[in-house]
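Worksheet: one structure, shown below.
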Ligand code: ADP
C-alpha cells in the first residue's frame, strides 16, 4: 500500500481488514495455546463454520486425525525454534459436511507482536494437485502390478518353451534314428511308395529338429550371460558382411552404409540382429540388382538404425506378424527359412531396451528400423 500521511489508523485498519477478508488463502490467528481467535471468510469456506462458531475452538480439532501428530510436532518445534516463519506443512482440514481438503500451511510467529499476540496461519488449498498425484500414484501402482504379472507369465512361458523344447529333443532323436535304421535295414525290401513315405517322415523330423533348436535358441536369449560391452557397429557390420561375401558377390548386391555409432550391448546378440536383417535383405531380393543401405539417425535418447533394401517388400498388414515366432509369408519352396530370424531380432532389441519395426510396400523394398540407447 502506498501509505499517505493523511490515512488515519482507523482507515489503515479497515484497509488491512478488507485485504484479509477478501484473500483467497484461508487465514487464521491462533492464540499461544492453539485456540482460534480469528478466521477469515476463505477459512470459513474451507470448513463451513463461521468465525463465531470456531472462535475459541482448538485449531487442531479441524485437522485429520492421521495428520494431527505431524501438525502438532511442526507447530511446537516451530515455536521453540524462535523462527519467524515456519516451513510449509501439508495436512487435511475437515469441512462440516465431512469432506476433507488438503492444504499447505505456513505459520508466522507473531506472539511477541503487541498488535497480534498470536500465530498467524496461512492455508493454501492443494486438493487438486494432491488428488492428481494420488490418482497418478494409483495408476502407477496398477501399471507396476500389471507389468510384474506380465513379466511373471512371460518368464513362465519362457521356462515352458525351454523345458519342452529340451525334452522334445530326446523322443525326436529316437524317431529319426529308427527311421534311418528302417531305411538302411529294410530299404531294399520296400517298394518305392514306402521309400517315399520314409523320406517324407525323415524330412519332417529334420524340420522338427530345426524348429526345436530354433525354439531353444529363442528361449535362451533371455538367459544369455554375456557381458555388455561397447560395440563399434561399423566393425560389426563389416564382420557380418564378410560372412555373406559369397552371396553378395554372386548377386552383385551393393551394400552401403553411413557412419554407425558405438553402442553398449551384447555383441553376439547384436551380431545376430545384423546377420538376420542382412540375410533377409539378400534372401527377399527382387529382380532388380539388390541395393542395401544401412544408416543411423541420432535421436534424443537413442540411435535409430535403418536397414533398407529394394527387394520384394512386405504388405503393411503383415508388419506385426513377421516378428512373431515361426510366422512366415512365403512357402519354403519359394524362400527357405523357419520364420525365427525377426522374432529373435525383436527379442534381442527389446532386451536392449529398444524397438524394432518395418516400413514397406509390396514391390517397393523394405526398411527395417531398430532403436538402441545412446
Ligand atoms: P524367415 O526369413 O526364416 O522366414 P524371418 O523371421 O527372418 O524368417 O522373417 C519373417 C518373414 O518376414 C519372412 O518370411 C518374409 O516374409 C518377411 N521378411 C523378412 N525380411 C524381409 C525383407 N527384407 N523383405 C521382404 N520380406 C521380408
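The values are calculated or read from the model by the stated rules, or taken from the named source; none is laboratory data. Because the structure is a prediction, the values reported are computed rather than measured. Using ideal geometry, Cβ is built from the backbone for each residue, glycine included, and neighbour counts are taken over all protein chains shown.
If you take the residues of the stretch 314-328 that are near the ligand (Cβ under 9 Å from one of its atoms) and assigned to a helix (DSSP H, G or I), which of them is surrounded by the fewest Cβ atoms within 10 Å (Cβ to Cβ)? Step by step, filter the stretch 314-328, then rank; the result is 321.
All told, residue 250 falls short of being farther than 28 Å from residue 367 by Cβ and in a helix (DSSP H, G or I).
Among the residues of the stretch 191-202, not a single one is over 27 Å from residue 332 (Cβ atoms), in contact with a strand residue (DSSP E or B) (Cβ under 6 Å, 6 or more places away or on another chain) and part of a loop (DSSP other than H, G, I, E, B). Taken residue by residue, the stretch 329-336 has at least one member that is in a loop (DSSP other than H, G, I, E, B), away from the ligand (no atom under 12 Å from the Cβ) and more than 21 Å from residue 243 (Cα to Cα). For the stretch 1-96, the strands (runs of 3 or more DSSP E) that sit wholly inside it and include 1 or more residues that are under 42 Å from the mean Cα position of the chain (by Cα) are 26-30, 89-94. Within the stretch 329-346, residues that are without any contact (Cβ under 8 Å) to a residue 60 or more places away in the chain reach partners that are outside any helix (DSSP H, G or I) and near the ligand (Cβ under 6 Å from one of its atoms) with beta carbons closer than 6 Å, at six or more positions or on different chains, in the pairs 339/328. Looking only at residues in the stretch 338-353 that are in a loop (DSSP other than H, G, I, E, B) and at pLDDT 90 or above, the one that is surrounded by the fewest Cβ atoms within 10 Å (Cβ to Cβ) is 353.
The lone criterion from (1) touching a strand residue (DSSP E or B) at 6+ places or on another chain (Cβ under 8 Å); (2) within 7 Å of the ligand (Cβ to nearest atom); (3) on the phi > 0 side of the Ramachandran plot left unmet by residue 339 is number (1).
Within the stretch 355-367, residues that are touching a residue at least 24 places away in the same chain (Cβ under 8 Å) and under 18 Å from residue 256 (Cα atoms) reach partners that are assigned to a strand (DSSP E or B) and more than 10 Å from the ligand (Cβ to nearest atom) with beta carbons closer than 7 Å, at six or more positions or on different chains, in the pairs 367/306; 367/359. For the stretch 232-241, the count of residues that are surrounded by fewer than 19 Cβ atoms within 10 Å (Cβ to Cβ) and either within 15 Å of the ligand (Cβ to nearest atom) or modelled with pLDDT under 95 (or both) is zero. Step by step: first the residues of the stretch 93-112, then only those that are over 16 Å from residue 44 (Cβ atoms) and touching a helix residue (DSSP H, G or I) at 6+ places or on another chain (Cβ under 7 Å), then the one that is surrounded by the fewest Cβ atoms within 10 Å (Cβ to Cβ). Which residue is that? So, considering only residues that are over 16 Å from residue 44 (Cβ atoms) and touching a helix residue (DSSP H, G or I) at 6+ places or on another chain (Cβ under 7 Å), the one surrounded by the fewest Cβ atoms within 10 Å (Cβ to Cβ) is 109.
Taken over the stretch 354-374, the criterion of being within 12 Å of the ligand (Cβ to nearest atom), surrounded by fewer than 19 Cβ atoms within 10 Å (Cβ to Cβ) and in a loop (DSSP other than H, G, I, E, B) is satisfied by 361, 362, 363, 364. Taken over the stretch 309-320, residues that are out of contact with any strand residue (DSSP E or B) (no Cβ under 6 Å at 6 or more places or on another chain) and more than 12 Å from residue 346 (Cβ to Cβ) amount to 6. The residue that is nearest to residue 228 (Cα to Cα), counting only those in the stretch 342-353 that are within 8 Å of the ligand (Cβ to nearest atom) and in contact with a strand residue (DSSP E or B) (Cβ under 9 Å, 6 or more places away or on another chain), is 345. The residues listed here are 237, 260; of these, the one that is within 18 Å of residue 280 (Cα to Cα) and under 36 Å from the mean Cα position of the chain (by Cα) is 237. Any idea which residue in the stretch 269-313 is nearest to the ligand (Cβ to nearest atom), counting only those that are under 26 Å from the mean Cα position of the chain (by Cα) and without any contact (Cβ under 8 Å) to a residue 12 or more places away in the chain? That would be 297.
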